[in-house]
Structure formats: structure tokens, C-alpha cells
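**Q** Pasting a structure here, questions to come.
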Amino acid sequence: MKLTADVKEAMSKNRIFALATASKSGVPNVVPVGMLVVKDDENIWVVDNYMDKTLANVKENPQVSFYVWVPEHPNSYQVKCDVVVEDSGKDYEEAVKYAHSIKEIYPAKTLLKLKVREIYYVSPGPNAGKKV
């Protein structure tokens, strides 16, 4: 599945994303994430500065979901992704550089590389709950 132009437009207006994970046993966790970057139509990066439960969850259960909602955009979405965690290598170093460009004190402990799997409409109306 690929991010559509409309999903990317809504994401560009969203400042904080609610990133949801679950442990292997199904205990949910949701955190606010500001460093979420669309790399291309299928890949999104999340810089982990202060994640503890979230990181533990994705190591046990490498799936996340987040929603895209901004009042000035007509559509809202839920994006489901598979995750790979990196703490070294070229992409990780790029993520650290990005985090430090925003604020030097950010630790950028790991990089969560999200691969888009499914996208659903969550706006009220006839498309609510349907796959994009």
C-alpha cells in the first residue's frame, strides 16, 4: 500500500501524531510523536528520543498504527505499518542528524522505520472504516 497524495497532504499539516503499539500479550500503548517523517510513498521514519514502552512493544510486536487528523483537512486517516528498529547505520545517522537539526539535545536513541501496510478512512461519513 502507498500513501496517497491526500494522505501525505494531511500528514504535512499534522504536527503531533498519536503512535499506537501493543506488547506481544496485547497491552496497548499510545504516545505523541513529533518526529515522524515521510521518506517516500511507502516508508515513514520515526525518531525515538524518549520511547521506553513503545520501543519494547515494537521489539516484541513490530506493528504500529497512527492517525492523521487536522481540523483544516477534509479527511482523516489511520495508517498501519510494519516496523524495523535501527540503532546504527546510514539511515540511523541521517535520523540523528535530523533530530539534532531540530534540537541538539535530542538523544535520537533509535530509528523506527515504518513500512505502510494499510490505510483507512476515519472521517465520519460513508467512507469511515473503509480502506483507502
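The values are calculated or read from the model by the stated rules, or taken from the named source; none is laboratory data. Treat the numbers as computed from the prediction; the structure is a model and nothing was measured. All Cβ positions, even for glycine, are placed from backbone atoms using ideal geometry, and neighbour counts span all protein chains on display.
**Q** Ser88 passes all but one of (1) surrounded by 15 or more Cβ atoms within 10 Å (Cβ to Cβ); (2) free of Cβ contacts under 8 Å to residues at least 12 places away in the same chain; which number fails?
**A** (1)
**Q** Pick from Val46, Val64, Val38: which is crowded, with 17+ Cβ neighbours inside 10 Å, closer than 19 Å to Val96 by Cα and either β-branched (Val, Ile, Thr) or touching a strand residue (DSSP E or B) at 6+ places or on another chain (Cβ under 7 Å) (or both)?
**A** Numbers: Val64 fails: closer than 19 Å to Val96 by Cα; Val38 fails: crowded, with 17+ Cβ neighbours inside 10 Å.
Going through Val46, Val64, Val38 in turn, just one is crowded, with 17+ Cβ neighbours inside 10 Å, closer than 19 Å to Val96 by Cα and either β-branched (Val, Ile, Thr) or touching a strand residue (DSSP E or B) at 6+ places or on another chain (Cβ under 7 Å) (or both): Val46.
**Q** Further question: Taking the condition of being surrounded by fewer than 13 Cβ atoms within 10 Å (Cβ to Cβ) and under 17 Å from Val30 (Cα atoms), how many residues in segment 68-85 meet it?
**A** 0
**Q** Scan segment 1-55 residue by residue and report those that are within 10 Å of the chain's Cα centre (by Cα), assigned to a strand (DSSP E or B) and among the hydrophobic types (A, V, I, L, M, F, W, C).
**A** Within segment 1-55, Phe17, Ala18, Leu19, Ala20, Val33, Leu36, Val37, Val38, Ile44, Trp45, Val46, Val47 qualify.
**Q** Counting only residues that are over 18 Å from Lys109 (Cα atoms), at pLDDT 95 or above and among the acidic types (Asp, Glu), how many does segment 23-81 have?
**A** Of the residues in segment 23-81, 3 are over 18 Å from Lys109 (Cα atoms), at pLDDT 95 or above and among the acidic types (Asp, Glu).
**Q** Can you name the residue in segment 91-131 that is among the basic types (Lys, Arg) and assigned to a loop (DSSP other than H, G, I, E, B) and is also surrounded by the most Cβ atoms within 10 Å (Cβ to Cβ) among such residues?
**A** Out of the qualifying residues, it is Lys109.
**Q** When you scan segment 62-80, how many residues do you find that are under 15 Å from the mean Cα position of the chain (by Cα) and in a loop (DSSP other than H, G, I, E, B)?
**A** Residues flagged as under 15 Å from the mean Cα position of the chain (by Cα) and in a loop (DSSP other than H, G, I, E, B) within segment 62-80 amount to 3.
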